[in-house]
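Quick notes on the structure that follows.
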Amino acid sequence: CKLPIQYILITIVAMALDCRIIVVSSELSDISVAVFSLIALIYPLKWPGTFIPILPTSILTMLDAPFAYLIGIHSSAADAMISIDRYFVVNIDFHYCASVGMEDFPSNVLKYIDERVDSIKKLINRYSPIFPYVQIQKQIRLFIRDLFGIVYGIEKTDDFRQISKHFDKWKSVPSEEFQAIFSQTQFINGFI
């Protein structure tokens, strides 16, 4: 309820890319709800990076860590993000997310996100006023599975052999192409 569905899906793609993800809000309760919700949405997959629901201000230098993380910080500490060169931020108070110092996702990935937003909105509206958590979680799993099809150009994403073949092809290619970056993350390796 704090972020548009499009931004939630974009954040899940950032998670799939092992980004350094910072969730910011002026309300500590909103931060913890957001970070735990992101972890719950990708279940049964596990977040392979560091997970700190609320980072104490005394150790803000942790934001400079060179590995994947999902960290919540109070907005009063947001100035600490200035020193970080590449990260993904989710601002709960202003209802947006953005990648900082990184290229935007490819247009086919962004188009795919837009297409899935409508189906999730319809699902939520159909069950309103009850939030259909189990159905949303299934949609997120399908979203992640079908993301392989978008990234690798596969039509049948339920054919694990095809996904595995493309993953194996790209996982050790030293390249800045999105397929290679996607295939070389801990998150995707855990999925496979």
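Name the residues of segment 1-21 whose amide N is less than 12 Å from a point 7 angstrom out from the Cα of R126 along the C-beta direction?
none
Tell me, what is the percent relative contact order of segment 85-141, built from C-alpha pairs under 8 Å that lie six or more residues apart?
Once divided by the residue count of segment 85-141, the mean separation gives 20 percent.
Suppose R0 equals 25 Å; then what is the FRET efficiency for N189 and S119 from their Cβ-Cβ distance, rounded to the nearest 0.05?
0.35
Counting only residues 5 or more places away or on other chains, whose amide H sits under 5 Å from the amide H of G72 once H atoms are built in the peptide plane?
Residues meeting the amide H criterion: V23, I52, I54, L55.
Please give me the summed charge of the neighbours of V134: other residues whose Cβ is under 14 Å from its Cβ, Lys and Arg +1, Asp and Glu -1.
Working: positive: R126, K138, R141; negative: none.
Once positives and negatives cancel, what remains is +3.
If we count every other residue with Cβ under 9 angstrom of D93's Cβ, Lys/Arg +1 and Asp/Glu -1, where does the sum land?
Spelling it out: positives minus negatives among the neighbours equals -1.
May I ask you to compute the full-extension gain from I84 to K156, defined as 0.36 nm times their residue separation minus their alpha-carbon distance, rounded to one decimal in nm?
Extra length available between I84 and K156 comes to 22.0 nm.
Taking amide H atoms as placed 1.01 Å from N in the peptide plane, list the residues 5 or more away in sequence, or in a different chain, whose amide H sits under 5 Å from that of Y96.
Counting only residues 5 or more places away or on other chains, the set is N91.
How high is the relative contact order of the chain, in percent, with contacts defined as C-alpha pairs under 8 Å that are six or more residues apart?
Computed over the chain, the figure is 25 percent.
How much of the DSSP bridge set in segment 1-157 is antiparallel, in percent, rounded to the nearest 5?
On the way: 5 of 18 bridges.
That works out to approximately 30 percent antiparallel.
Mean residue ellipticity at 222 nm from the helices of the chain, using -39,500 (n - 2.57) per DSSP H segment of n ≥ 4 over the full residue count, to the nearest 500 deg cm²/dmol?
Roughly -15000 deg cm²/dmol at 222 nm, from the helical runs in the chain.
Take each of the peptides 129-135, 7-13, average the number of other beta-carbon atoms within 10 Å over its residues, and list them starting from the highest.
Order by mean packing, descending: 7-13, 129-135.
How much of the DSSP bridge set in segment 50-126 is antiparallel, in percent, rounded to the nearest 5?
Roughly 60 percent of the DSSP beta bridges within segment 50-126 come out antiparallel.
What is the distance in Å between the Cα centroid of segment 1-56 and that of segment 126-192?
Measuring centre to centre over Cα atoms gives 18 Å.
Each value in this text was obtained by applying a stated rule to the coordinates, not by laboratory testing. Only a predicted model underlies this, so the values are computations on that prediction, with no experimental measurement involved. Don't worry about glycine lacking a Cβ; one is built from the backbone with ideal geometry, like all the others, and counts go over all protein chains shown.
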